[in-house]
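Here's the structure, in structure tokens; my notes come after.
The values are calculated or read from the model by the stated rules, or taken from the named source; none is laboratory data. Values in this document were obtained by computation on a predicted structure and should not be read as measured data. No Cβ is skipped: glycine too gets one built from the backbone with ideal geometry, and neighbour counts run over all protein chains shown. These area figures cover heavy atoms from the full protein model, side chains too; ligands, DNA and RNA do not enter into them. Shrake-Rupley method; radii C 1.70, N 1.55, O 1.52, S 1.80 Å.
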Amino acid sequence: MKIKKIAVTGGPCGGKSTALSYIKETAEALGYRVLTVGETATELISGGVAPWTCKTNAAYQSFQIALQMQKEEIFLAAARGMDTDKLLIVCDRGLLDNRAYMTEEEFFTCLAARGDTLDDYISRYDAVFHLVTAAKGAEEFYSTANNTARTETPEEARLVDDRLLFAWSGHPKRFVLDNEGGFSDKIERLCDTLTSVLSEAEE
């Protein structure tokens with residue numbers, strides 16, 4: 001049984017939610033069963049647990065890392081018991097997303113407190129797909145209306161996107177999908193890249 005796990009990340013309003021449905025469709029066409037781990041930040045913030053309600057931002061991020069890790073482990077355990085030859089776990093954001101919302105000191109202090117390393121987080125994902133925010137190159141489509149947890153201005157969105165690029169920069173299979181050519185082209189490139197990654201995994 002082949003189990004692969006990918007993370008889908010990117011700046012605010014990068015098309016991540018739409019991309020997830022195309023990822024599922026593409027992987028299923030290749031014979032994969034697809035499981036999706038929902039975005040932990042939206043779950044927590046919508047429930048009232050947020051950087052501005054917790055004692056500190058670092059405390060909030062540590063809660064988010066703990067829940068994200070637990071969810072991924074549960075999905076992996078469930079996957080191992082499923083009757084299928086090929087399975088893909090898709091994470092709507094991964095553990096290193098938290099790094100973009102903390103100082104480097106806070107991030108590595110959190111890792112040390114948990115007994116984790118940067119390599120631990122990198123190696124959890126077979127590939128990472130970064131969808132660049134619409135605030136970079138497609139500003140007319142940038143909006144906060146479709147996600148109650150999104151509050152960033154276009155300028156803030158660009159900064160977050162840059163920080164996410166840095167956060168995942170050490171991953172050997174990170175694919176950055178920009179806004180050149182429009183959103184349809186962005187999704188097409190995503191699907192083609194995913195197909196290549198999954199095909200490589202079967203060789």
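Of the residues Glu180, Glu188, the single one that is under 22 Å from Glu140 (Cα atoms), among the charged types (D, E, K, R) and modelled with pLDDT of 95 or more is Glu188.
Yes/no per residue for (1) farther than 27 Å from Asn179 by Cα; (2) in contact with a strand residue (DSSP E or B) (Cβ under 6 Å, 6 or more places away or on another chain):
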residue	(1), (2)
Gly10	no, yes
Thr53	yes, no
Phe63	yes, no
Met69	yes, no
Glu73	yes, no
Ala79	yes, yes
Glu106	yes, no
Ala113	yes, no
Asp116	yes, no
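Restricting attention to the stretch 121-154 and to residues that are closer than 22 Å to Gly48 by Cα and in contact with a helix residue (DSSP H, G or I) (Cβ under 8 Å, 6 or more places away or on another chain), the residue that is modelled with the highest pLDDT turns out to be Glu152.
Among the residues in the stretch 51-62, are any under 16 Å from the mean Cα position of the chain (by Cα), of a type in the set (A, V, I, L, M), in a helix (DSSP H, G or I) and surrounded by 15 or more Cβ atoms within 10 Å (Cβ to Cβ)? Spell out how you get there, then give the answer.
Let us first name the residues in the stretch 51-62 that are under 16 Å from the mean Cα position of the chain (by Cα), namely 61.
Okay, now just the ones that are also of a type in the set (A, V, I, L, M), so none.
Checked the stretch 51-62: no residue is under 16 Å from the mean Cα position of the chain (by Cα), of a type in the set (A, V, I, L, M), in a helix (DSSP H, G or I) and surrounded by 15 or more Cβ atoms within 10 Å (Cβ to Cβ).
Pairs please, first residue from the stretch 79-90 and open to solvent by less than 10 Å² (accessible area, probe 1.4 Å), second anywhere and of a type in the set (Gly, Ala, Ser) and assigned to a strand (DSSP E or B), Cβ atoms under 9 Å, 6+ apart in sequence or on different chains. Pairs that qualify, where the first residue is open to solvent by less than 10 Å² (accessible area, probe 1.4 Å) and the partner is of a type in the set (Gly, Ala, Ser) and assigned to a strand (DSSP E or B), are Val90/Ala7. When Ala157 is tested against (1) under 18 Å from the mean Cα position of the chain (by Cα); (2) at pLDDT below 95; (3) small (Gly, Ala, Ser); (4) closer than 19 Å to Val128 by Cα, just one condition goes unmet, and that condition is (4).
Kindly indicate whether Tyr142 is of a type in the set (Ser, Thr, Tyr), in contact (Cβ under 8 Å) with a residue 12 or more places away in the chain and in contact with a Leu (Cβ under 9 Å, 6 or more places away or on another chain). Please lay out each step first, then the result.
Working: of a type in the set (Ser, Thr, Tyr): yes; in contact (Cβ under 8 Å) with a residue 12 or more places away in the chain: yes; in contact with a Leu (Cβ under 9 Å, 6 or more places away or on another chain): no.
Spelling it out, it is not the case that Tyr142 is of a type in the set (Ser, Thr, Tyr), in contact (Cβ under 8 Å) with a residue 12 or more places away in the chain and in contact with a Leu (Cβ under 9 Å, 6 or more places away or on another chain).
Does Glu72 satisfy the criteria of being among the acidic types (Asp, Glu), under 17 Å from the mean Cα position of the chain (by Cα), surrounded by 17 or more Cβ atoms within 10 Å (Cβ to Cβ) and under 17 Å from Ala100 (Cβ atoms)?
Values: among the acidic types (Asp, Glu): yes; under 17 Å from the mean Cα position of the chain (by Cα): yes; surrounded by 17 or more Cβ atoms within 10 Å (Cβ to Cβ): yes; under 17 Å from Ala100 (Cβ atoms): no.
Considered against the rule, which asks whether it is among the acidic types (Asp, Glu), under 17 Å from the mean Cα position of the chain (by Cα), surrounded by 17 or more Cβ atoms within 10 Å (Cβ to Cβ) and under 17 Å from Ala100 (Cβ atoms), Glu72 comes out as no.
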